[in-house]
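Below: the structure, in structure tokens.
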Amino acid sequence: MQQLIECVPNFSEGNDLNIIKQITDQIESVEGVRLLNVDPGKATNRTVVTMIGEPSAVIEASFRAIKKAGELIDMSKHKGEHPRMGATDVCPFIPIANITMEETAAFAQQLALRVGNELNIPVYLYESAQPNKERSNLSIIRTGEYEGFAKKITLPEWKPDFGPAVFDAKRGATVIGARDFLVAYNVNLNTTSTRRANAVAFDIREAGRVKKVNGKIVNDENGKPINIPGSLKSVKAIGWFIEEYGIAQISINLTNINVTPVHIAFDEACKKADQRGIRVTGSELVGLIPLKAMTDAGKYFLQKQQRSIGVSEKELIKIAIKSMSLDELSPFNPEERIIEYMLADNKNKKLVHLSLADFADETASESPAPGGGSIAAYSGALGISLATMVANLSSHKQGWDERWEEFSTWAEKGQKIKDQLLGLVDEDTNAFNKIMTAFGLPKGNEAEKASRKLAIQEATKYAIEIPFKVMSLSLESMEVIKAMAETGNPNSVSDAGVGALCARSAVMGAFMNVRINAAGYDDKVFVSTIVKKGHEIENSAIETEALILKIVNEKIGL
């Protein structure tokens, strides 16, 4: 299985787009690495770059970018709001797929060794890549910043992990490490005061602030300063003024969004700012964010409004963007800011991206795919979509306010089934294509014939399993449809009835595909078992449809 790591180097240049492009060109010159995002900031004079790929390729791309940044950026002339200490200030590796943090840390150490030895840049390890936990915290390593490093680097305790222990006036020093996924996030304030922005930052960040009385630090019985922790765990934050926008911001690093999600950070910043007479006007994302962070935020804000969370992924993202005003300072395009969307390979998902007319035209063409299996899956998706619509209408029905959570739960379940069935629309066509590819394999000798036969059998089994999933999901959807026929908005009961017809058709249509593909599969025990289960699902669907239609017809009454 392919190992994937993400790398998010931060370069100390945010204004000269030519310099930034020369650096990112180095990344794109490496095969096996995909450049996902380039996010320059003028006031911070810093660019955050996101790339992903196999470890060896990411190491090479990172090395080339660090080398080029050192050639083009002069730290002795650098000014910016963000703390920094080098042309390539920080270069973290993040495990993404089929790789442990320990393995990721080892790759970060490989890069650090190479940068130190070949480029003669002082390099410090941080987070999981740093064996000495007394100097693994980035903020501690960067204390004093570039201006203080001429002296700091000469101290024995701050000897670099790799490279010379000599101050490099032009390139500075670089910090390389391995860490979990981090969300960099700025909250906008209606003030120009860095001091007040810092006050709010100290209120929310985990490290909090040192306790003071009448401006004097208060110490404990051991003579150490007493610390007042902030309200949010796994949060780092500072305040700064952004001249480009003419406002102060709270710059936040969310180091574990499972502990403190972005929407909680936003709401807490709003609360603490309000207590100090300051208003949050919006926020901005730096780099990329996981899809779940956005959909969780959308659900959170809908729940605060006592509205159904059983809406589409697209709608949840829209709610999240508007609720946190992520588009206040610049447009927020989910396709360019959500990591899963950037990584998505849509070449095998063309059907669900077609318009209704184009989908119908494609089905009606001389091409054998999409065929009945894809249409069955789409019929099932339409059926559960109707039931989900009834749930959402019921959740928002006037006079039913106390029942919004009940219908929201049904709607959320419906959305999940709908998304799975939509995925199977393309997957059924992919399964057909796998069979055709297998039949096209060479058969010039006995070895090729054996390999071809095995490929055909594997593809055939897959082509049985996909429509069987359509059957199972479509039957499952009928639970939601039945509930909406029984308890949903009575004005929409006919929609539940149509949903039942679609679901039944999906089950029966998919079963035809199961059986026709099963005829070509050699494992007759498997065939017998899955066909038996298929008959059971089909009978249940027919019975449930009859029950739903009885309920619908009784309510219609004509």
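The values are calculated or read from the model by the stated rules, or taken from the named source; none is laboratory data. In this text the structure is predicted, and so the values were computed from the model without any measurement. Here the Cβ is made from the backbone with ideal geometry for all residues, glycine too, and neighbour counts use every protein chain on show.
The figures follow:
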| quantity | calculated |
| --- | --- |
| Flag for P40 being in contact with a strand residue (DSSP E or B) (Cβ under 9 Å, 6 or more places away or on another chain) and modelled with pLDDT of 95 or more | no |
| Residue satisfying condition, being outside any helix (DSSP H, G or I) and not aliphatic (A, V, I, L, M), within set Y521, Y462 | Y521 |
| Residue check for F468: free of Cβ contacts under 8 Å to residues at least 60 places away in the same chain, in contact with a helix residue (DSSP H, G or I) (Cβ under 8 Å, 6 or more places away or on another chain), hydrophobic (A, V, I, L, M, F, W, C) and in a helix (DSSP H, G or I) | no |
| Hits in the range 212-240 (condition: surrounded by 10 or more Cβ atoms within 10 Å (Cβ to Cβ) and either among the acidic types (D, E) or outside the structural domain of I264 (by TED's automatic domain parsing) (or both)) | D220 |
| Some residue of the range 161-177 being assigned to a loop (DSSP other than H, G, I, E, B) and among the acidic types (D, E) | yes |
| Residue, nearest to S62 (Cα to Cα), within the range 135-160, restricted to residues that are within 33 Å of the chain's Cα centre (by Cα) and not hydroxyl-bearing (S, T, Y) | L138 |
| Among the candidates N98, N117, N132, residue that is of a type outside the set (K, R) and within 30 Å of the chain's Cα centre (by Cα) | N98 |
| Of all residues making up the range 129-141, the number that are free of Cβ contacts under 8 Å to residues at least 60 places away in the same chain and farther than 19 Å from C7 by Cβ | 7 |
| Per-region count, the range 4-23, residues surrounded by 18 or more Cβ atoms within 10 Å (Cβ to Cβ) and farther than 22 Å from S76 by Cβ | 5 |
| Of residues in the range 354-401 being closer than 18 Å to V493 by Cα and among the polar types (S, T, N, Q), the one modelled with the lowest pLDDT | Q398 |
| Options E335, E362: the member that is of a type in the set (D, E) and assigned by TED's automatic domain parsing to the domain that holds M294 | E335 |
| Any hit, the range 50-58, residues being assigned to a helix (DSSP H, G or I), in contact (Cβ under 8 Å) with a residue 60 or more places away in the chain and more than 28 Å from A237 (Cβ to Cβ) | no |
| Filter result for Y185 (in contact (Cβ under 8 Å) with a residue 60 or more places away in the chain, within 30 Å of S323 (Cβ to Cβ), crowded, with 21+ Cβ neighbours inside 10 Å and hydroxyl-bearing (S, T, Y)) | yes |
| Residues of the range 9-36 satisfying the condition of being over 16 Å from V90 (Cα atoms) and not aliphatic (A, V, I, L, M) | N15, D16, N18, K21, Q22, D25, Q26, E28, S29, E31, G32, R34 |
| Any hit, the range 306-317, residues being hydrophobic (A, V, I, L, M, F, W, C), under 25 Å from Q249 (Cβ atoms) and not assigned by TED's automatic domain parsing to the domain that holds N513 | yes |
| Options V30, V38; residue that is within 21 Å of the chain's Cα centre (by Cα) and among the aliphatic types (A, V, I, L, M) | V38 |
| Answer residue from the range 213-244, given it is at pLDDT below 90 and touching a strand residue (DSSP E or B) at 6+ places or on another chain (Cβ under 9 Å) and is nearest to S193 (Cα to Cα) among those | E244 |
| Criterion (in contact with a Lys or Arg (Cβ under 6 Å, 6 or more places away or on another chain) and of a type in the set (D, E, K, R)) met by exactly one of E545, E538, E554 | E545 |
| Selection count where residues are assigned to a helix (DSSP H, G or I) and in contact with a helix residue (DSSP H, G or I) (Cβ under 8 Å, 6 or more places away or on another chain), scope the range 119-153 | 5 |
| Unique residue being under 29 Å from M478 (Cβ atoms) and crowded, with 17+ Cβ neighbours inside 10 Å when the list is S374, S325 | S374 |
| Residues that are surrounded by 16 or more Cβ atoms within 10 Å (Cβ to Cβ), of a type in the set (S, T, N, Q) and closer than 22 Å to L424 by Cβ, drawn from the range 479-529 | S505, N513, N517 |
| Filter result (within 24 Å of A377 (Cβ to Cβ), surrounded by fewer than 17 Cβ atoms within 10 Å (Cβ to Cβ) and of a type in the set (D, E)) within the range 413-457 | D419 |
| Residue in the range 159-170 that is of a type in the set (V, I, T), more than 30 Å from A297 (Cα to Cα) and free of Cβ contacts under 8 Å to residues at least 60 places away in the same chain present | yes |
| Of all residues making up the range 25-42, the number that are buried (at least 20 other Cβ atoms within 10 Å of the Cβ) and outside any strand (DSSP E or B) | 2 |
| Top-ranked residue of the range 248-275 - restricted to ones that are surrounded by 21 or more Cβ atoms within 10 Å (Cβ to Cβ) and of a type in the set (V, I, T), ranked as modelled with the lowest pLDDT | I257 |
| Residues within the range 530-554 that are of a type outside the set (V, I, T), more than 38 Å from the chain's Cα centre (by Cα) and surrounded by fewer than 16 Cβ atoms within 10 Å (Cβ to Cβ), tallied | 10 |
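One line per residue, one yes/no per condition, for (1) without any contact (Cβ under 8 Å) to a residue 24 or more places away in the chain; (2) within 35 Å of the chain's Cα centre (by Cα); (3) closer than 26 Å to H535 by Cβ:
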| position | (1), (2), (3) |
| --- | --- |
| R452 | yes, no, no |
| A463 | no, yes, yes |
| L475 | no, yes, yes |
| M484 | no, yes, no |
| T487 | no, no, no |
| L501 | no, no, yes |
